[in-house]
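Report on the following structure.
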């Protein structure tokens, strides 16, 4: 299962940059786009791409969390280790909770943008939710140099 773990981890790592880039694009679009009376904002394509990339991240993350990651496997087999070992706690609790908050914020941004009564309200809701989602994502990334850090660009796992 080591090869599968490495492959999914690599995909999760690389699509992180896609999600962050699309998140920045959606947030900048929400900020710079003048409010229009149209029911659907002109640049909402960025919102959709951001949401889709976050969904792909969740898929890879759930595969890692429920079976492939040695950190979460250890946490599920020994719940008492979660609080005692910072690396295990980060992967089993901190990373997951903050990233799910980011996913929720992206979804809420889309819903609030569609249900806002005025163009300005739709624009502001998108901007706030997407900016907060990006902030949450940045906080929960295992940056190099942290005790639980990972490389910025994971190389593709070797075949075999």
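In the stretch 126-151, the residues that are within 16 Å of residue 48 (Cα to Cα) form Cβ pairs under 7 Å with partners that are surrounded by fewer than 18 Cβ atoms within 10 Å (Cβ to Cβ) and at pLDDT 95 or above, at six or more places apart or across chains, as follows: 134/24.
Scan the stretch 107-140 residue by residue and report those that are assigned to a loop (DSSP other than H, G, I, E, B) and either in contact with a strand residue (DSSP E or B) (Cβ under 9 Å, 6 or more places away or on another chain) or surrounded by 18 or more Cβ atoms within 10 Å (Cβ to Cβ) (or both).
As a first pass, look at the stretch 107-140 and keep what is assigned to a loop (DSSP other than H, G, I, E, B): 116-118.
116, the sole residue that qualifies.
So for the stretch 55-69 (the condition being crowded, with 20+ Cβ neighbours inside 10 Å, over 21 Å from residue 151 (Cβ atoms) and either modelled with pLDDT of 90 or more or within 12 Å of the chain's Cα centre (by Cα) (or both)), does at least one residue qualify? No. When 145, 149 are checked against the criterion of being out of contact with any strand residue (DSSP E or B) (no Cβ under 9 Å at 6 or more places or on another chain), on the phi > 0 side of the Ramachandran plot and not in a helix (DSSP H, G or I), a single residue qualifies: 145.
The values are calculated or read from the model by the stated rules, or taken from the named source; none is laboratory data. This is a predicted model, so every value here is computed, not measured. Every residue, glycine as well, gets a Cβ built from its backbone with ideal geometry; the counts of neighbours run over all protein chains shown.
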